1. Report every pair of residues separated by at least 6 positions or lying on different chains whose Cβ atoms are under 9 Å apart, first residue within the stretch 15-36 and surrounded by fewer than 13 Cβ atoms within 10 Å (Cβ to Cβ) and at pLDDT below 70, second part of a helix (DSSP H, G or I) and not polar (S, T, N, Q).
2. Considering only the stretch 39-80, state which residues are under 22 Å from residue 103 (Cβ atoms) and in contact with a Lys or Arg (Cβ under 8 Å, 6 or more places away or on another chain).
3. Quick check: is even one residue across the stretch 60-72 out of contact with any Asp or Glu (no Cβ under 7 Å at 6 or more places or on another chain), at pLDDT 85 or above, under 30 Å from residue 27 (Cβ atoms) and in a loop (DSSP other than H, G, I, E, B)?
Amino acid sequence: MVDFFDELKQIFLNHFMIQTDCLYYAHDLYTIRQREDEPLREYAARFSHEYSRYPETDDRATYGTFKIGLRFSHFRYLVHSSNWRTYDKLMKQAAIHAKAEYFNSKSGPSARQEEPTLKNYSAQEPLYPSNERTD
């Protein structure tokens, strides 16, 4: 029986601290996948956070796990066709592409202007105004 709140608090903390300090393994990185609606920036941040928990993880293995976790996208294509071979180089490129993805997703005036549409001219109207003055 628990007689004091401090005892109850300590029992609670001891029980849940054991669960939060579970051992994780580097191969658990293979389970990290970019969700369909998840921006590259968020996936890279989430992956990097998990990777930082495994300082002994091999660089090539980490590179491979990040690549496997990418959803189908232009960046994934670039990763598979590039000559980037280190995790650091990959993450630098991910940051560049994540920034571009972020700015391209922002709403507002488009950087690309709409192409002008041709006015429907009738056969009676000249296409170009004449230089003659009509007074």
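1. 24/50
2. Correct list: 41, 43, 70, 71, 76, 79.
3. Yes, the stretch 60-72 has at least one match.
The values are calculated or read from the model by the stated rules, or taken from the named source; none is laboratory data. Note that the structure is a prediction, hence the values are computed from the model and not measured. So basically every Cβ, Gly included, is an ideal-geometry build from the backbone, and we count neighbours across all protein chains shown.
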